[in-house]
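Written out below as structure tokens is the structure these notes cover.
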């Protein structure tokens, strides 16, 4: 898999892999890879990026923005998708243990969310909002991806 575009995301992706996931990554709303490591080749990564940026079902973003993790079969692999910080997709590929993969994905999403919304290292890295662009799918508009993201109520990092 390619390099990590934003170094502050790398420890989070590595930690997700340490929890038994086969692969983990962070994608912009347009499908640009911001960070990705693990057992995914470029073709699989492009299929996932195309899914999250163009081919998603109409209700897909609505489900993600209420905090749901959505599983899908892409290129013959079971993946899990979520939204973190109201501005990026997190994607994981499950290892051999499905329930553990869901839990590891939820932790990964929450860590990315906290890092983007609360961590000053993200600011220092030159991190900026990924360009969401128009959605055109009938689902939640690209404007749903907010910048700056608001901290979530409750949970880690809440005031």
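A short reminder: the numbers here are calculations on the coordinates, not readings from a lab. The shown structure was predicted, so the numbers you read here are calculated from the model rather than taken from an experiment. All Cβ positions, glycine included, derive from the backbone under ideal geometry; neighbour counts span all protein chains shown.
Computed over the Cα atoms of region 1-51, the ratio of the radius of gyration to the Kirkwood radius (Rg/Rh) comes to 0.94.
Percent of Cα pairs in region 21-118 per distance bin of 10 Å, from zero to the largest separation: 17, 57, 26, 1.
Scoring 91-101, 62-72 by mean Cβ neighbours within 10 Å over their residues and listing the highest first yields 91-101, 62-72.
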